[in-house]
Amino acid sequence: MKNGNKRLILHGFLMLVVITKAMDCRPQQAARDNIEGTWKGTSLCQVKPSPCHDENAVYHISKTSNGKNYSIQMNKIVNGAEEEMGASDAVYDETKHTLTTITEDRQGRAGVWFFKIDGNQMHGTLTIEGKTLYRIIEVKKAD
């Protein structure tokens with residue numbers, strides 16, 4: 001085989017490696033970028049009777065200043081208007097496509113909010129005191 005042919009084959013192989021690597025990165029980056037925006041859906045109470053009520057939820061999600069985590073402004077719809085419930089910073093796991101944040105309720109109980117991102121949908125839960133499933137959240141990307 002001539003040196004020119006060897007170079008051509010090597011060049012082709014290297015280009016294939018570069019293209020394959022670039023393609024592997026795109027889905028993860030697209031999933032990460034798809035998190036920011038407004039999400040709307042339901043937040044359904046799992047503990048009855050309790051002060052918890054089923055709600056129409058609106059979550060506004062943006063990257064934090066460090067660019068690694070996300071800020072979630074959690075709102076609910078009351079009489080047709082958004083009412084703020086609270087904000088929290090969430091950790092994003094790129095390999096699992098999940099967001100996790102911890103909050104504290106009025107009684108001082110820790111609550112773990114866990115969201116699985118699936119394209120333009122997020123499936124979430126709120127578990128309080130590490131054991132009680134308090135809410136099931138189903139939201140879709142609105143923008």
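Here, each number is a calculation from the coordinates, and none is a lab measurement. Please read all numbers here as calculations on a predicted model, not as lab measurements. Note: ideal-geometry Cβ built from the backbone for every residue, glycine included; neighbour counts use all protein chains shown.
Of note:
- Whole-percent P(r), region 36-141, all Cα pairs, 5 Å bins from 0: 3, 12, 22, 28, 20, 11, 3, 1, 0.
- For THR127 and ASN79, the FRET efficiency from 1/(1 + (r/R0)^6), where r spans their Cβ atoms and R0 equals 41 Å, is about 0.90.
- Cα→Cβ-extended label distance, 7 Å offset, between GLU94 and LYS40, nm: 3.2 nm
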